[in-house]
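Asks: One structure follows; several queries about it will come next.
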Amino acid sequence: MRNKIVAGNWKMNNNSSETAELLTQLISKIPETTAEVMVAPTFVNLAQAVKQLSTSSMEVVAQNMHFAENGAYTGEISANMLQSIGIKTVILGHSERRAYFGEDDALLAKKVDAALKANMRVIFCFGEELQDRKSDNHFKVVETQLKNGLFHIDKGQWKQIVLAYEPVWAIGTGETASPEQAQEMHAFIRKTIAGAYDQETAEMVTILYGGSVKPGNANEIFSKPDVDGGLIGGAALAADDFAAIVAAI
């Protein structure tokens with residue numbers, strides 16, 4: 001059975017005291033669940049979050065990392081640095097990293113390799129822009145991002161991969177892909193993996209939906225057979241909302 005995951009990406013939000021307060025609220029509000037629950041604070045608050053959640057089942061994950069082990073990369077963070085404070089999972093390829101910081105498929109493939117080499121788990125993000133969907137090119141865009149970013153890895157390494165499909169037009173816009181659209185794309189993703197590897201690999205990969213999931217739509221989205229959870233943005237910053245989404249899984 002595939003792992004169910006709800007991961008909260010906090011993006012560039014919350015200073016140290018705000019991080020502590022939100023984590024305190026989450027500790028008291030997150031319901032018991034068999035799903036994995038993750039939070040991704042900003043870099044400067046990761047160590048603090050790991051310490052605060054040391055007795056919680058919630059996992060602290062990173063929002064990004066560099067592909068190099070060390071060196072003259074001012075402002076960057078390596079896998080080893082993350083692991084040294086207890087981080088075991090990293091989000092790579094988020095649409096905002098692609099759009100605002102120019103991260104392309106080739107760079108992301110290098111980051112994936114670095115994370116896997118360090119035995120970290122990767123939440124790999126991908127998805128189409130609005131113009132891609134309007135031009136009926138969304139399946140091709142997703143297939144290309146998967147192929148270029150991940151399809152060079154060995155079959156055995158897929159156990160360290162979690163996928164997060166992000167329809168970019170539905171992030172932070174209030175728009176949400178319908179549950180049927182989410183299921184259609186998730187099924188396509190699984191079929192694409194099966195074609196490149198095999199059905200067994202495709203069936204064991206957790207695929208998250210990341211496009212404005214909220215308490216009001218989480219139940220219906222998560223009910224779809226190929227949707228295994230969510231990568232949550234704005235709603236992850238409100239403890240009640242995030243707890244309700246976790247309850248929905």
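Asks: Considering Q199, Q160, which residue is of a type in the set (S, T, N, Q), touching a strand residue (DSSP E or B) at 6+ places or on another chain (Cβ under 9 Å) and under 23 Å from K4 (Cα atoms)?
Replies: Q160
Asks: What number goes with the only condition from (1) of a type in the set (A, V, I, L, M, F, W, C); (2) surrounded by 22 or more Cβ atoms within 10 Å (Cβ to Cβ); (3) in a loop (DSSP other than H, G, I, E, B) that F242 does not pass?
Replies: The failed condition is (3).
Asks: Quick check on my filter: what residues within region 117-145 are assigned to a helix (DSSP H, G or I) and not aliphatic (A, V, I, L, M)?
Replies: Passing the criteria: K117, Q131, D132, R133, K134, H138, F139, K140, E143, T144, Q145.
Asks: One residue is enough: does region 150-160 have a residue meeting the conditions under 18 Å from the mean Cα position of the chain (by Cα), assigned to a helix (DSSP H, G or I) and surrounded by 20 or more Cβ atoms within 10 Å (Cβ to Cβ)?
Replies: Yes: region 150-160 contains one or more residues that are under 18 Å from the mean Cα position of the chain (by Cα), assigned to a helix (DSSP H, G or I) and surrounded by 20 or more Cβ atoms within 10 Å (Cβ to Cβ).
Asks: Determine if region 204-225 includes at least one residue that is closer than 18 Å to V39 by Cα, among the charged types (D, E, K, R) and in a loop (DSSP other than H, G, I, E, B).
Replies: Looking through region 204-225, at least one residue is closer than 18 Å to V39 by Cα, among the charged types (D, E, K, R) and in a loop (DSSP other than H, G, I, E, B).
Conditions tested, residue by residue: (1) aliphatic (A, V, I, L, M); (2) touching a residue at least 40 places away in the same chain (Cβ under 8 Å); (3) assigned to a loop (DSSP other than H, G, I, E, B); (4) surrounded by fewer than 21 Cβ atoms within 10 Å (Cβ to Cβ).
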| residue | (1), (2), (3), (4) |
| --- | --- |
| L23 | yes, no, no, no |
| T34 | no, no, yes, yes |
| V37 | yes, yes, no, no |
| S57 | no, no, yes, yes |
| A68 | yes, yes, yes, yes |
| G75 | no, no, yes, yes |
| M81 | yes, no, no, yes |
| G86 | no, no, yes, yes |
| L107 | yes, yes, no, yes |
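Asks: Please list, ordered by first then second residue, the pairs with beta carbon atoms under 9 Å, 6 or more apart or interchain, first in region 39-50 and under 9 Å from I85 (Cβ atoms), second small (G, A, S) and surrounded by fewer than 17 Cβ atoms within 10 Å (Cβ to Cβ).
Replies: Listed by first residue and then by second, the contacts come to L46/G86; A47/G86; V50/G86.
Asks: Only one of (1) outside any helix (DSSP H, G or I); (2) under 22 Å from K159 (Cα atoms); (3) of a type in the set (A, V, I, L, M); (4) at pLDDT 95 or above is not met by M1, so which one is it?
Replies: (4)
Asks: Please name all residue pairs, on different chains or six or more residues apart, with Cβ atoms under 7 Å, provided the first residue is in region 114-135 and is in contact (Cβ under 8 Å) with a residue 12 or more places away in the chain and the second residue is part of a strand (DSSP E or B) and polar (S, T, N, Q).
Replies: M120/T89; R121/T89; I123/T89
Asks: Would you check if there is a residue in region 57-70 being aromatic (F, W, Y), out of contact with any Leu (no Cβ under 8 Å at 6 or more places or on another chain) and modelled with pLDDT of 95 or more?
Replies: Scanning region 57-70 turns up no residue that is aromatic (F, W, Y), out of contact with any Leu (no Cβ under 8 Å at 6 or more places or on another chain) and modelled with pLDDT of 95 or more.
Asks: Please give the number of the condition E200 fails out of (1) in contact (Cβ under 8 Å) with a residue 40 or more places away in the chain; (2) loosely packed, with under 15 Cβ neighbours inside 10 Å; (3) more than 17 Å from G93 (Cβ to Cβ); (4) among the charged types (D, E, K, R).
Replies: E200 satisfies all of (1) in contact (Cβ under 8 Å) with a residue 40 or more places away in the chain; (2) loosely packed, with under 15 Cβ neighbours inside 10 Å; (3) more than 17 Å from G93 (Cβ to Cβ); (4) among the charged types (D, E, K, R) except (1).
Asks: Separate question: Just wondering, is there one or more residues in region 74-84 that are of a type in the set (V, I, T), under 20 Å from the mean Cα position of the chain (by Cα) and at pLDDT 95 or above?
Replies: yes
Asks: Check whether at least one residue in region 203-213 is hydrophobic (A, V, I, L, M, F, W, C), surrounded by fewer than 16 Cβ atoms within 10 Å (Cβ to Cβ) and touching a residue at least 12 places away in the same chain (Cβ under 8 Å), and report yes or no.
Replies: Checking region 203-213: at least one residue is hydrophobic (A, V, I, L, M, F, W, C), surrounded by fewer than 16 Cβ atoms within 10 Å (Cβ to Cβ) and touching a residue at least 12 places away in the same chain (Cβ under 8 Å).
Asks: Read through the list (1) buried (at least 21 other Cβ atoms within 10 Å of the Cβ); (2) within 16 Å of the chain's Cα centre (by Cα); (3) farther than 19 Å from P41 by Cα, then give the number of the only condition that A177 fails.
Replies: (2)
Asks: Looking at (1) touching an Asp or Glu at 6+ places or on another chain (Cβ under 8 Å); (2) surrounded by 21 or more Cβ atoms within 10 Å (Cβ to Cβ); (3) within 19 Å of I221 (Cβ to Cβ), which one does Y165 not meet, given that it meets all the others?
Replies: Result: Y165 fails condition (1) only.
The values are calculated or read from the model by the stated rules, or taken from the named source; none is laboratory data. If you're wondering where the values come from, they're calculated on a predicted model, not measured in any experiment. Cβ atoms come from the backbone with ideal geometry, glycine included; neighbour counts cover every protein chain shown.
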